[in-house]
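In what follows, a single structure is set out as structure tokens and then discussed.
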Amino acid sequence: MKDETICLHSGYTPGNTEPRVIPIVQSTTYTYDSAEEIGSVFDEPTKSLIYSRFANPTVMAVEAKIAELEGGIAAMCTSSGQAATLLAILNICNAGDSFVSAAQVYGGSINLFSYTFKRFGIECIFVDTNASEDEIRAAFKPNTKLVFGEMLANPALTVFDIEKFAKIAREKNVPLIVDNTFPTPILCKPFDFGADIIVHSTSKYMDGHALQVGGVIVDSGNFDWNSGCFPEITGPDMSYHGIVYTEVYGKAAYIVKARMQLMRDFGVYPSAHSAFLLNLGLETLALRMQRYCENGQVVAEFFKASDKVASVNYPGLKSDKYHALAQKYLKGSSGVVTFALKGGKAAAVKFLDSLEMASNAIHVADIRTCVLHPATTTHRQLTEDKMLAAGVDPGMIRFSVGLEHIDDILADIKHALACV
Ligand code: PLP
């Protein structure tokens, strides 16, 4: 099936007289006919449902759909994108390990990687996304367990050169994890370019309607864990009767471990109702992404031509530094455009306060146009050095173009620019 069809039909196929729409199975628990049967599920938890802290039929239908869209073997939803990033890394790294990440990633990821992981004894080594192959190699330490990057970084809008990083991850025998939130699988399929694991904040375009916070981890099933460096996956898990994930679950070892061990222990699984809402967003994802890209391109070109604008980031612009990488990896550049006004931060604030239709919101990638000043909001906690390394200029405005008519979006922008 093509993406448009997967969005509508994958994950749930009703039988004769069954509901046309995925049912919301709003139940924490599942009943069994006998004590023996319920006990046996604890020996083989993937056999059937136990408890909605780590599996639920409505959520599982959505997981199957996202896995198919990304071309992975399986997926696990989480209660936020942040939880997806956290578990994706903790599923591999222990205290005493390190990982390499592109510096241009979402601000919340930078906080998690720089501060919270450090408290757990996990070190993140940041490298500029434009680093040479040798510079990336030099960042590795003997304890480096994975590489992380963000396909279209929020809000820097740098395009991650996935093949460059995947090549080095392969050489070093570690997996590459890619955050594919902004492109979604409609605009980019990171597994085709060498990613091993994908994470998403489904709160963004996938949901699209600002209805639910959520995340997902997708496993390609392609990474060979048997190098001796991943005993958590290839050795016995004493918290699960000494199970060896690679022996029992083969290619699905990583994602089954994430569910059976980490989701069991951290309990960051979404509710059935959230998954139901996410599914509604997914049903129109392919159609919406096309329009976001069209509107985003027009808005980026408009900013580019304005004499009040100092700089614009949008990989869909021919003049953009990442245009060539966008042409290689993306089928479109999404609806997110970042730009800086000539008047700097003061002008940015005036512009934001003068918009009448677009709303000031922390959210991004929504059906409605929304705007944000990252330096004083999402990146407020970062030092100026870290902010600049993440690609965030103090005057930068993140403009998330929605699905309103383009004439109305441009009219709002023109009015706000006239006030600056
Ligand atoms: N990854 C990216 C690229 C994001 O933009 C975000 C949130 O903005 C996250 C991860 C974290 O997701 P959530 O807000 O759903 O926890």
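Please work out which residue is nearest to SER79 (Cα to Cα), limiting yourself to the stretch 261-271 and to residues that are part of a helix (DSSP H, G or I) and open to solvent by 10 Å² or more (accessible area, probe 1.4 Å). I'd like the intermediate steps shown before the answer.
First, the residues of the stretch 261-271 that are part of a helix (DSSP H, G or I): 261-266.
Pick out the ones that are also open to solvent by 10 Å² or more (accessible area, probe 1.4 Å) and you get 261-262, 264-266.
Working: GLN261: 16, LEU262: 13, ARG264: 13, ASP265: 14, PHE266: 11 Å.
Here the answer is PHE266.
Mind listing just one residue for me: the one in the stretch 379-401 that is crowded, with 22+ Cβ neighbours inside 10 Å and touching a Gly at 6+ places or on another chain (Cβ under 8 Å) and, of those, nearest to ALA103 (Cα to Cα)?
ALA390
Is it the case that ALA67 is part of a helix (DSSP H, G or I), of a type in the set (A, V, I, L, M, F, W, C), away from the ligand (no atom under 16 Å from the Cβ) and crowded, with 24+ Cβ neighbours inside 10 Å? Can you show your working first?
Numbers: part of a helix (DSSP H, G or I): yes; of a type in the set (A, V, I, L, M, F, W, C): yes; away from the ligand (no atom under 16 Å from the Cβ): yes; crowded, with 24+ Cβ neighbours inside 10 Å: yes.
Spelling it out, ALA67 is indeed part of a helix (DSSP H, G or I), of a type in the set (A, V, I, L, M, F, W, C), away from the ligand (no atom under 16 Å from the Cβ) and crowded, with 24+ Cβ neighbours inside 10 Å.
Restrict the check to the stretch 277-287 and report whether at least one residue is within 30 Å of GLU404 (Cβ to Cβ), over 19 Å from the mean Cα position of the chain (by Cα) and either away from the ligand (no atom under 14 Å from the Cβ) or among the basic types (Lys, Arg) (or both). Working first, answer last.
We begin by selecting, within the stretch 277-287, every residue within 30 Å of GLU404 (Cβ to Cβ); these are 277-287.
Still in the list and also over 19 Å from the mean Cα position of the chain (by Cα): 287.
After this cut, where a residue has to be either away from the ligand (no atom under 14 Å from the Cβ) or among the basic types (Lys, Arg) (or both) as well, the list is 287.
Yes: the stretch 277-287 contains one or more residues that are within 30 Å of GLU404 (Cβ to Cβ), over 19 Å from the mean Cα position of the chain (by Cα) and either away from the ligand (no atom under 14 Å from the Cβ) or among the basic types (Lys, Arg) (or both).
Looking at (1) surrounded by 17 or more Cβ atoms within 10 Å (Cβ to Cβ); (2) over 24 Å from PHE193 (Cα atoms), which is the only condition GLY149 fails?
Checking GLY149 against (1) surrounded by 17 or more Cβ atoms within 10 Å (Cβ to Cβ); (2) over 24 Å from PHE193 (Cα atoms), the one that fails is (2).
Here is a list of conditions, (1) charged (D, E, K, R); (2) open to solvent by less than 40 Å² (accessible area, probe 1.4 Å); (3) more than 16 Å from the ligand (Cβ to nearest atom); (4) outside any helix (DSSP H, G or I), and ASP224 meets all of them except one; can you say which number that is?
With respect to (1) charged (D, E, K, R); (2) open to solvent by less than 40 Å² (accessible area, probe 1.4 Å); (3) more than 16 Å from the ligand (Cβ to nearest atom); (4) outside any helix (DSSP H, G or I), ASP224 is out only on (2).
Specify which of the listed residues (ILE66, ILE125, ILE73, ILE136) is of a type in the set (A, V, I, L, M, F, W, C), at pLDDT 95 or above and within 13 Å of the chain's Cα centre (by Cα).
Details: ILE125 fails: within 13 Å of the chain's Cα centre (by Cα); ILE73 fails: within 13 Å of the chain's Cα centre (by Cα); ILE136 fails: within 13 Å of the chain's Cα centre (by Cα).
That would be ILE66, the only listed residue that is of a type in the set (A, V, I, L, M, F, W, C), at pLDDT 95 or above and within 13 Å of the chain's Cα centre (by Cα).
Conditions tested, residue by residue: (1) touching a helix residue (DSSP H, G or I) at 6+ places or on another chain (Cβ under 9 Å); (2) in contact (Cβ under 8 Å) with a residue 12 or more places away in the chain; (3) in a strand (DSSP E or B).
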residue	(1), (2), (3)
GLY228	yes, no, no
HIS273	yes, yes, no
GLY281	yes, yes, no
ARG288	yes, yes, no
GLY296	no, yes, no
LYS318	no, no, no
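For the stretch 336-348, indicate whether the set of residues that are in contact with a Lys or Arg (Cβ under 9 Å, 6 or more places away or on another chain), open to solvent by 20 Å² or more (accessible area, probe 1.4 Å) and away from the ligand (no atom under 16 Å from the Cβ) is non-empty. Steps first, please.
So in the stretch 336-348, the residues in contact with a Lys or Arg (Cβ under 9 Å, 6 or more places away or on another chain) come out as 336-339, 341-343, 347.
Still in the running and open to solvent by 20 Å² or more (accessible area, probe 1.4 Å): 342-343.
Now drop any that are not away from the ligand (no atom under 16 Å from the Cβ), which leaves 342-343.
Within the stretch 336-348, one or more residues are in contact with a Lys or Arg (Cβ under 9 Å, 6 or more places away or on another chain), open to solvent by 20 Å² or more (accessible area, probe 1.4 Å) and away from the ligand (no atom under 16 Å from the Cβ).
May I ask you to list the residues in the stretch 164-187 that are within 13 Å of the ligand (Cβ to nearest atom), in contact (Cβ under 8 Å) with a residue 40 or more places away in the chain, open to solvent by less than 10 Å² (accessible area, probe 1.4 Å) and over 13 Å from ILE66 (Cβ atoms)?
Just the residues of the stretch 164-187 that are within 13 Å of the ligand (Cβ to nearest atom), to begin with: 177-184.
When the remaining residues are screened for being in contact (Cβ under 8 Å) with a residue 40 or more places away in the chain, the result is 177, 179-184.
Applying the additional criterion that residues be open to solvent by less than 10 Å² (accessible area, probe 1.4 Å) yields 177, 180, 182-184.
Of everything in the stretch 164-187, those that are within 13 Å of the ligand (Cβ to nearest atom), in contact (Cβ under 8 Å) with a residue 40 or more places away in the chain, open to solvent by less than 10 Å² (accessible area, probe 1.4 Å) and over 13 Å from ILE66 (Cβ atoms) turn out to be ILE177, PHE182, PRO183.
Pick from the stretch 1-31 the residues that are more than 32 Å from the chain's Cα centre (by Cα) and closer than 28 Å to ILE73 by Cβ: which of them is least open to solvent (accessible area, probe 1.4 Å)? Working first, answer last.
If we filter the stretch 1-31 for residues that are more than 32 Å from the chain's Cα centre (by Cα), which is where we start, we get 15-18, 31.
If we keep only those that are closer than 28 Å to ILE73 by Cβ as well, we get 15, 18.
Working: GLY15: 34, GLU18: 104 Å².
Step by step, filter the stretch 1-31, then rank; the result is GLY15.
What are the residues in the stretch 192-208 that are open to solvent by 10 Å² or more (accessible area, probe 1.4 Å), out of contact with any Gly (no Cβ under 7 Å at 6 or more places or on another chain) and within 14 Å of the ligand (Cβ to nearest atom), if any?
Of everything in the stretch 192-208, just one residue is open to solvent by 10 Å² or more (accessible area, probe 1.4 Å), out of contact with any Gly (no Cβ under 7 Å at 6 or more places or on another chain) and within 14 Å of the ligand (Cβ to nearest atom), namely LYS204.
For the stretch 91-129: of the residues being away from the ligand (no atom under 16 Å from the Cβ) and free of Cβ contacts under 8 Å to residues at least 12 places away in the same chain, which is surrounded by the most Cβ atoms within 10 Å (Cβ to Cβ)?
Among residues in the stretch 91-129 that are away from the ligand (no atom under 16 Å from the Cβ) and free of Cβ contacts under 8 Å to residues at least 12 places away in the same chain, the one surrounded by the most Cβ atoms within 10 Å (Cβ to Cβ) is LYS118.
For the stretch 230-251, which positions are open to solvent by 20 Å² or more (accessible area, probe 1.4 Å) and either under 14 Å from PRO175 (Cβ atoms) or among the acidic types (Asp, Glu) (or both)?
Residues satisfying the conditions are GLU232, THR234, THR246, GLU247, LYS251.
Restricting to the stretch 44-64, and then to whatever is assigned to a loop (DSSP other than H, G, I, E, B) and in contact with a Gly (Cβ under 9 Å, 6 or more places away or on another chain), can you tell me which residue is least open to solvent (accessible area, probe 1.4 Å)? Working first, answer last.
Within the stretch 44-64, the subset assigned to a loop (DSSP other than H, G, I, E, B) is 44-50, 52-56.
Filter once more, so that each one left must be in contact with a Gly (Cβ under 9 Å, 6 or more places away or on another chain): 53-54.
Values: ARG53: 92, PHE54: 33 Å².
For the stretch 44-64, the residue satisfying everything is PHE54.
Any residue in the stretch 367-375 that is at pLDDT below 85 and part of a helix (DSSP H, G or I)?
The answer is no; no qualifying residue exists.
The values are calculated or read from the model by the stated rules, or taken from the named source; none is laboratory data. Remember, it's a predicted structure, so these values are computed and weren't measured experimentally. Every residue, glycine among them, receives a Cβ derived from its backbone with ideal geometry; neighbour counts consider all protein chains shown. Please note that ligands, DNA and RNA were not included when accessible areas were found on the heavy atoms of the full protein model with its side chains. Shrake-Rupley method; radii C 1.70, N 1.55, O 1.52, S 1.80 Å.
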